[in-house]
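Visitor: Once you've had a glance at the structure underneath, I'll fire off some questions.
Each reported figure results from applying straightforward, stated rules to the coordinates on display, with no laboratory input. Quick caveat: nothing in here was measured; it's all calculated off a predicted structure. Glycine also receives a Cβ, built like all others from the backbone with ideal geometry; neighbour counts cover every protein chain displayed.
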């Protein structure tokens, strides 16, 4: 009631909490997501997905690459109100996210902790934009992605997407290209790249970004 009285939550959000309070096993956050209502902040604590956005922003702004100005322009200090999404995990996330966060080491511990804390509130799913016969038979079941900012993400944005992309070990993401430029900021390594069909694989260490211009 205090949050409603102080204007921190709406009457609709208050009603979800009222209904959940009568059922010990009912999570009010699920009710908020089902109704498409924003997730309220706890007093004195940054919401987990916003804390992840801020940690990711801080990390990305330290990277040197040809698209740095474009990335900076798309990452406001305040991402706006958080929109509810349907939290969902996958077998790849359950198996490989923990080891990936451990592999990040102490140098990026705040970012790893932010990812681990917010992962359960994100909508993880395989990216289905490419047919399996084009992108490789192992890839659909060997990766998962979760949006943080974008068209249908916790934080809304136009013409800009920010998210997490988890690939299981020894899975090849085949050669592809598209009109949108993109930045890959691998948090673990080594990671291998080739920049045209038939070119040799180039291994890079963790935290070495890869900027792909349009159609590359």
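Visitor: In percent, what relative contact order does region 47-173 have, based on Cα pairs under 8 Å that are 6 or more apart in sequence?
Guide: Normalised by residue count, the contact order of region 47-173 is 28 percent.
Visitor: Can you sort 96, 193 so the residue with the fewest Cβ neighbours within 10 Å comes first?
Guide: Ranked by crowding around the Cβ, least crowded first: 193, 96.
Visitor: Also, quick follow-up: What is the diffusion coefficient of region 47-173 in µm²/s, taking the Kirkwood radius over Cα pairs and the Stokes-Einstein relation at 10 °C with a viscosity of 1.306 mPa s?
Guide: Approximately 103 µm²/s, per Stokes-Einstein.
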